[in-house]
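Some notes on the structure that comes next.
The values are calculated or read from the model by the stated rules, or taken from the named source; none is laboratory data. Note that the coordinates shown come from a computational prediction; the quantities given were computed from them, not determined experimentally. For neighbour counting, all protein chains shown are included, and Cβ atoms are generated from backbone atoms with ideal geometry for every residue, glycine included.
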């Protein structure tokens, strides 16, 4: 092929090759030489570096015209004044058609790069200044430049500073002003996060970042906000920063095709960023990772330190003299071999691959029939794939753009462009989302600078530039938030400048160092701000140590002198995790001691509470805990003192004999004990012993012996806590709420849990001890008159009814029995007679004059004490014995339900019976059974409920056998359950007979209309007595 761009162009230009290692001032020399010419152009490898050189020239004293004399041309940015003198460009964007006096290409060694090398090779062969041409780069290019470009003047420059290898270092040991080099975004972010934790923060520089973001991150490093930089090999290309040490996290990378080791020259290019200008630099590796403890090989170290690298032997080349006669011809011209030693055909890049795939499409091939349209297609195929989504997506995008431009409009549709750009105009999301949007908008920014492709190119340049800038700022902010601890960075900078830091603590316990918040002192615990980590946090804490030590000593003394109410025991969940709090902050935990009433305090460990202050705090919490337990459970400790041999003022023991043994058991059980557990011992305690127990605050109840004061909410909660702590009980139900009389129990919970909570388990229920005693006393009073029906007043004491009430009564020794109406009436007569006798006795006593005003007779006081001390569960009334005898005898009388009504003293007359028969059809059937409670002590002594149930079943079965008179009709007699009152009455309406079986109720008596009282009955006398007593009052 004749048309090959494999030869250097003929030129009268003075060509110079300025070669040498990094930090030799090559780029600075080229800029100075360009400003010395009337016109000039410089090609740079990075858009970021191009912007840096542009700003330098704009502000140079040699350029009085400022921006009006300088043009900036990159793939994504064009600033071209009307008559520019100097052009600053990326190498790919150099306008080769413009003739200038001076031309320079930086980093010419990139001609050997597989991806971009063919562009640099083309500039080496074809780019010339009219008067002077300068190629800047590594000395490894000397041989090939001499071979490919004739008449070149070589200028070798020596490095301004030395570069020295240091052994591998841990990440935590990296010196300040270090750059850590990794070769993937994932590794860059990972190392930056670790440095933030250990060093306060790091700046991030990657090729994938937009120039604006990279500039902001570099500025973050340059101004000293952070002392560390984590970057990819992008920093090896002309970024000038104050780096003292370059550390390699790896020495291999994926180059887009395969994983490979970096060449010594590539390592040297990156390591050369250390030691800028006259400052010496160092380089090395991390100890983390496989075999990095060995560091770099001796040969690589020697090559980098001496800048002695193997020369380049081949450059990447692609033909630039293209044939636009047809798609096939164009592709063949791009695939042409260089046919010259030292040049190698470049591998197929995305632009050529895109052209090949689009040319294979019939509609594209039709549109690209002429040279101009084919040239346009090739230009569109060279749109950079910043998005990196997929090759198919890139081919589709370029195809759509070509079809629109090739249509009759000749430009990209404005609405279509808006649909592509608008979704990118948002700054939410994280680092990855923002980076992806920036990559996409860079593609559209590149397109917007192709003015011939758009109808409103300036509008889209402004729109895409604005979106990219805002996305870049947002990305810089996210990077800074994630990888930089601003507070720690500022503090470290001030420490370096001042040599020491000032610390103080405000009234809320907030700790400040140089007005920067670093943590909070809560009680005696210094809670460091989560932003302070690693070595820097040690530095910050060291700055605060002095003020913290003074504050801790002050607080320890304040705690030692703390008044009542400043400390509190805060119950946790579980109870064993409770703490002692001072001013609302936990300072100690409670652990079990030698006995249940002697818990110990353990001060929570803290690095700042040590020595004398710790001892003082421990002494204070020990003293408070002991006093708190004794104060809340004072009655229990009074009993304990008596048990341990306490004496009264006369030197006599407060308690002795068997009573002392009873009291000892009560102390062990924290002030409550079921009476049945000590019934045998308690019987043997004489009256004096019982008086001693009572005098120590113990209530001698029918069901329990207990100290009433310890049932109050605060003592009850403390008792439960001490029991749980001493017995290591973590899994417990919640303590019963204050005020409840009866609760349902958790079958999995230990019974002792309810006992120490102040409740007595009666079965499925637990009843508060004091309310259980009130019920026992009330039931005893009622039962002294004989069997009694379920009483709403009794039920209200414990707040339950039905089976729950029966269960509680059974615990107290009361069981239910069924009685016929006749028996019920007899029971009611006897109870009323007993009530009348009691009232009469009280009335007689009321008429007697007391021995002294306001004082009852001594005999009455002793009687009351005796009644309070005796357990009624061991007594059986005469009425109950009579009932038991009647139950075992024959019953021959007909039931008389009217007799069960308290207000009805006599039987109805025959006239009333006749009237009742006439109205029988309109009244419900009379009940045949009545339920009463009777006292049965054996049940209270622990008989299981199921045996009691069998007993009741046996009684009912006995009733079914027809014992007694025919008034005892019951279930099972006849096919329809007909008994004495169960069948249909003569003359009555069908279907209005009695119930199918005997009806059992638990009411006090059937409800009937009140009748006039017989004046000769004892009830009339009782009514007169009530009236006379009322008049006396």
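Observations on the model:
- Pick from the stretch 467-521, criterion over 30 Å from the mean Cα position of the chain (by Cα) and in a strand (DSSP E or B), ranking: modelled with the lowest pLDDT: 503
- Residue in the stretch 223-235 that is within 19 Å of residue 287 (Cβ to Cβ), buried (at least 22 other Cβ atoms within 10 Å of the Cβ) and either more than 42 Å from the chain's Cα centre (by Cα) or not assigned by TED's automatic domain parsing to the domain that holds residue 136 (or both) present: yes
- Filter result for residue 606 (surrounded by 15 or more Cβ atoms within 10 Å (Cβ to Cβ) and closer than 17 Å to residue 707 by Cβ): no
- The one condition in (1) closer than 21 Å to residue 184 by Cβ; (2) assigned to a strand (DSSP E or B); (3) in contact (Cβ under 8 Å) with a residue 12 or more places away in the chain that residue 260 fails to fulfil: (3)
- Test: residue in the stretch 131-141 that is surrounded by fewer than 20 Cβ atoms within 10 Å (Cβ to Cβ), in contact with a helix residue (DSSP H, G or I) (Cβ under 9 Å, 6 or more places away or on another chain), assigned to a loop (DSSP other than H, G, I, E, B) and modelled with pLDDT under 95: no
- The set of residues in the stretch 38-53 that are surrounded by 21 or more Cβ atoms within 10 Å (Cβ to Cβ) and farther than 18 Å from residue 213 by Cβ comprises 40, 41, 42, 43, 44, 45, 53.
- Extreme residue, surrounded by the most Cβ atoms within 10 Å (Cβ to Cβ), among residues of the stretch 88-97 that are closer than 18 Å to residue 11 by Cβ and in contact with a strand residue (DSSP E or B) (Cβ under 7 Å, 6 or more places away or on another chain): 94
- Residue match in the stretch 105-127 (condition: under 55 Å from the mean Cα position of the chain (by Cα), assigned to a loop (DSSP other than H, G, I, E, B) and buried (at least 20 other Cβ atoms within 10 Å of the Cβ)): yes
- Selected residue [farther than 18 Å from residue 94 by Cα, touching a strand residue (DSSP E or B) at 6+ places or on another chain (Cβ under 6 Å) and in contact (Cβ under 8 Å) with a residue 12 or more places away in the chain] from 70, 18: 18
- Among the residues of the stretch 623-652, those identified as outside any helix (DSSP H, G or I) and either more than 48 Å from the chain's Cα centre (by Cα) or free of Cβ contacts under 8 Å to residues at least 40 places away in the same chain (or both) are 644, 645, 646, 647, 648, 649, 650, 651, 652.
- Verdict on residue 564 being modelled with pLDDT under 90, more than 32 Å from the chain's Cα centre (by Cα) and assigned to a helix (DSSP H, G or I): no
- Among the residues making up the stretch 401-428, a single one is surrounded by 15 or more Cβ atoms within 10 Å (Cβ to Cβ) and free of Cβ contacts under 8 Å to residues at least 12 places away in the same chain: 413.
- Each residue in the stretch 206-227 was checked for being within 15 Å of residue 481 (Cα to Cα) and free of Cβ contacts under 8 Å to residues at least 60 places away in the same chain, and 1 pass.
- Scope the stretch 670-688; condition closer than 12 Å to residue 704 by Cα and either part of a loop (DSSP other than H, G, I, E, B) or at pLDDT 90 or above (or both); matching residues: 671, 672, 673, 674, 678
- Residues (more than 19 Å from residue 570 (Cβ to Cβ) and buried (at least 18 other Cβ atoms within 10 Å of the Cβ)) located in the stretch 590-603: 596, 597
- Every test in (1) under 28 Å from residue 599 (Cβ atoms); (2) in contact with a helix residue (DSSP H, G or I) (Cβ under 8 Å, 6 or more places away or on another chain) is passed by residue 658 save one, and that test is (1).
- Of all residues in the stretch 299-313, those satisfying the criterion of being surrounded by 13 or more Cβ atoms within 10 Å (Cβ to Cβ) and free of Cβ contacts under 8 Å to residues at least 60 places away in the same chain are 300, 302, 303, 308.
- Residue match in the stretch 331-342 (condition: in contact with a helix residue (DSSP H, G or I) (Cβ under 7 Å, 6 or more places away or on another chain), under 26 Å from residue 366 (Cβ atoms) and surrounded by fewer than 18 Cβ atoms within 10 Å (Cβ to Cβ)): yes
- Residues of the stretch 595-622 that turn out to be within 17 Å of residue 718 (Cα to Cα) and more than 35 Å from the chain's Cα centre (by Cα), as a count: 4
- Search result, residues across the stretch 786-804 that are in a helix (DSSP H, G or I) and buried (at least 22 other Cβ atoms within 10 Å of the Cβ): 797
- Scan of the stretch 554-594 for residues that are within 10 Å of residue 624 (Cβ to Cβ), free of Cβ contacts under 8 Å to residues at least 40 places away in the same chain and touching a strand residue (DSSP E or B) at 6+ places or on another chain (Cβ under 8 Å), ordered by number: 566, 568, 588
- Residue 79 satisfies every condition listed in (1) buried (at least 18 other Cβ atoms within 10 Å of the Cβ); (2) in contact with a strand residue (DSSP E or B) (Cβ under 7 Å, 6 or more places away or on another chain) except (1).
- Inspection of the stretch 186-205 finds a residue satisfying the criterion of being touching a helix residue (DSSP H, G or I) at 6+ places or on another chain (Cβ under 8 Å), under 26 Å from residue 297 (Cβ atoms) and in contact (Cβ under 8 Å) with a residue 24 or more places away in the chain.
- Residue count for the stretch 700-748 satisfying the condition of being surrounded by 16 or more Cβ atoms within 10 Å (Cβ to Cβ) and farther than 27 Å from residue 638 by Cβ: 5.
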